[in-house]
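Presented below is the structure to which this report refers.
The values are calculated or read from the model by the stated rules, or taken from the named source; none is laboratory data. Treat the numbers as computed from the prediction; the structure is a model and nothing was measured. For neighbour counting, all protein chains shown are included, and Cβ atoms are generated from backbone atoms with ideal geometry for every residue, glycine included. Side chains included, ligands, DNA and RNA excluded: accessible areas come from the protein's heavy atoms. Shrake-Rupley method; radii C 1.70, N 1.55, O 1.52, S 1.80 Å.
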Amino acid sequence: MIILGIETSCDETAAAVVKNGREILSQSLASSVKMHATTGGIIPEFAAREQIKSIPTVIGDATKDISPNLIDAIAVTYGPGLIGSLLVGVETAKTLSLLWKKPLIPVNHLVGHLYANFIDTSPPPFPALLLLASGGHTDLVLIKNHGDFLWLGGTRDDAAGEAFDKCARILGLGYPGGPAISKEAAKHQLPPKPFLPRPLIDDSGFDFSFSGLKTALWRLLNTPPNLRPNLSKLAFEVESSIVDVLVTKTLNAALKYRPKSILLSGGVAANTKLRRVMAKKVSGLNFHPLLYIPPPSLCTDNAVFVAAAAYYNFRQIEPFRLSPNPELTITNQN
Ligand code: KG4
Ligand code: ZN
């Protein structure tokens, strides 16, 4: 089965054609991230305008060598995300579905992130423990089967990616914050004695809370320059704090639920330190779950995972009945 996936939930405009949920036949992506870097964050109205500009080119690119006759269905992210951005993808997908007479499959973006772990590899065995850490969400979820999820916990305030973005902004390191903080942190080799909080790390539950991190950082920056750590040391600590919390909570959940596989996803899963520390800790467990970490380009937003999610959750909707839902959570099934 060949599916055209479309993703426009935030600041990426993406289209991809994927065979049987795992083989990428083509993909195209345009990002307005550089524009948002100039404003230090996403301005929703600007993001939506960029989506409208990019969608024809991106879909044209992804389908230039693939005749519509070969496409079996059209999948589109319908939430969560920015309403203006979502509308662009949803209305385009509805139009194509009607024009080409193909089934339309709505995809929950958060569920989509999970399916980055199914591309170009043998499918992860269930039950799988998913850590989803993106710009807008941080969730730990036990995936019992396709469409059968047990939500274990999530952030009470800022998401992990949001914490990276806000701390980078405080440090004047630009947007997106994750890669900017990592780059600065790499200049500092020796781990300092921890001086920032690791929120909720000793709590036995699976909730996260990252907002205190930016407050602690802000307080530090208000101390005299000669009394505070330098920029690279601060960046190192921010990254370590977020990674420590994500890894500890994931390992705690793994010990409790003993999944057959552990899956990372979301933009923060592109973080080199998170990938390295998670691999080391998982290999030290006294049982042996398989660890899946998608390549960085599939961790951040793309349309490949949208098409893959639709393949494994093929639920067709009548085009006129589909509208975006900016508030979806990961347990709202598509
Ligand atoms: O999944 P994603 O592309 O979009 C959302 O669905 O939110 O995630 C974007 C988030 C941003 O907050 C960005 O700072 C973070 O992922 N991110 C990273 C890295 N690359 C992107 N965080 C840490 N390290 C990275 N290498
Ligand atoms: Zn995302």
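Looking at Arg198, is it away from ligand 1 (no atom under 16 Å from the Cβ), under 30 Å from Ser297 (Cβ atoms), open to solvent by 20 Å² or more (accessible area, probe 1.4 Å) and not hydroxyl-bearing (Ser, Thr, Tyr)? Steps first, please.
On the way: away from ligand 1 (no atom under 16 Å from the Cβ): yes; under 30 Å from Ser297 (Cβ atoms): yes; open to solvent by 20 Å² or more (accessible area, probe 1.4 Å): yes; not hydroxyl-bearing (Ser, Thr, Tyr): yes.
So Arg198 passes the test.
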* Which pairs have Cβ atoms under 8 Å, sit 6 or more apart or on different chains, and link a residue in the stretch 143-160 that is closer than 15 Å to Leu110 by Cβ to one that is more than 16 Å from ligand 2 (Cβ to nearest atom) and hydroxyl-bearing (Ser, Thr, Tyr)? -> His146/Tyr312; Phe149/Thr331; Trp151/Thr331; Leu152/Tyr257; Thr155/Ser209
* To do: Being over 18 Å from the mean Cα position of the chain (by Cα) and touching a residue at least 60 places away in the same chain (Cβ under 8 Å) is the filter here, so list the residues in the stretch 186-216 that pass it.
  => Phe206
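Tell me whether the stretch 71-91 contains one or more residues that are modelled with pLDDT under 95 and outside any helix (DSSP H, G or I). Lay out the reasoning, then the answer.
We begin by selecting, within the stretch 71-91, every residue modelled with pLDDT under 95; these are none.
Checked the stretch 71-91: no residue is modelled with pLDDT under 95 and outside any helix (DSSP H, G or I).
Looking at the structure I just gave you, is Leu231 without any contact (Cβ under 8 Å) to a residue 40 or more places away in the chain, closer than 30 Å to Lys183 by Cβ and open to solvent by 60 Å² or more (accessible area, probe 1.4 Å)?
So Leu231 fails the test.
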* Structure fact -> In the stretch 262-295, anything under 17 Å from Ala133 (Cα atoms) and not in a helix (DSSP H, G or I) is listed as Ile262, Leu263, Leu264, Ser265, Gly266, Asn271, Leu291, Tyr292, Ile293, Pro294, Pro295
* The listed residue being of a type outside the set (D, E, K, R), closer than 20 Å to Thr300 by Cα, surrounded by fewer than 21 Cβ atoms within 10 Å (Cβ to Cβ) and within 16 Å of ligand 1 (Cβ to nearest atom), out of Gly154, Gly178 -> Gly154
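Can you name the residue in the stretch 117-133 that is polar (S, T, N, Q) and open to solvent by 10 Å² or more (accessible area, probe 1.4 Å) and, of all such residues, is nearest to ligand 2 (Cβ to nearest atom)?
Let us first name the residues in the stretch 117-133 that are polar (S, T, N, Q), namely 117, 121-122.
In the following step, the residues that additionally are open to solvent by 10 Å² or more (accessible area, probe 1.4 Å) were identified as 121-122.
Numbers: Thr121: 20, Ser122: 24 Å.
Looking at the filtered set, the residue picked out is Thr121.
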* **The listed residue being in contact (Cβ under 8 Å) with a residue 40 or more places away in the chain, farther than 18 Å from Ile105 by Cα and either among the hydroxyl-bearing types (Ser, Thr, Tyr) or open to solvent by 30 Å² or more (accessible area, probe 1.4 Å) (or both), out of Glu50, Glu23** => Glu23
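Sort out for me the helices (runs of 4 or more DSSP H) sitting completely within the stretch 125-241 that have 1 or more residues that are touching a Cys at 6+ places or on another chain (Cβ under 9 Å), closer than 30 Å to Pro80 by Cα and of a type outside the set (Lys, Arg).
Details: elements: 160-170, 177-185, 211-221.
Of the helices (runs of 4 or more DSSP H) lying wholly inside the stretch 125-241, those with at least 1 residues that are touching a Cys at 6+ places or on another chain (Cβ under 9 Å), closer than 30 Å to Pro80 by Cα and of a type outside the set (Lys, Arg) span 177-185, 211-221.
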* **When residues of the stretch 57-116 are limited to those that are within 16 Å of ligand 1 (Cβ to nearest atom), hydroxyl-bearing (Ser, Thr, Tyr) and closer than 25 Å to Pro44 by Cβ, the one surrounded by the fewest Cβ atoms within 10 Å (Cβ to Cβ)** => Tyr78
